[in-house]
Amino acid sequence: MPKISVEIPGELLDDLDEHVGDDGKFVNRSDAVRASIRKTLDLLDEIDARHDRLDSVEDGGDGASDE
């Protein structure tokens, strides 16, 4: 699994840490960040679907039109 490095404001990290650990929903920060990214991407897909902007698998998914 690739690793990335990001800068996160302290107040955001403090809020994140409240949800991590034995009493939190997430095992560790990485788990929380991955879940957040997945959730955000799902929401963006829903928005794109409502606006007919999703690329279908049939067209190769590159957004290019055959017209």
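Would you pick out the residues in region 1-53 that are open to solvent by less than 100 Å² (accessible area, probe 1.4 Å) and not in a helix (DSSP H, G or I)?
Correct list: V6, I8, P9, H19, V20, G21, G24, F26, N28.
Identify, please: which residue in region 34-62 is among the small types (G, A, S) and at pLDDT 90 or above and is, among those, farthest from the chain's Cα centre (by Cα)?
A49
The values are calculated or read from the model by the stated rules, or taken from the named source; none is laboratory data. What you are looking at is a predicted structure, and each value in this text was computed from that prediction instead of being measured. The protein model used for the area step is the full one, side chains on, heavy atoms only, and it has no ligands, DNA or RNA in it. Shrake-Rupley method; radii C 1.70, N 1.55, O 1.52, S 1.80 Å.
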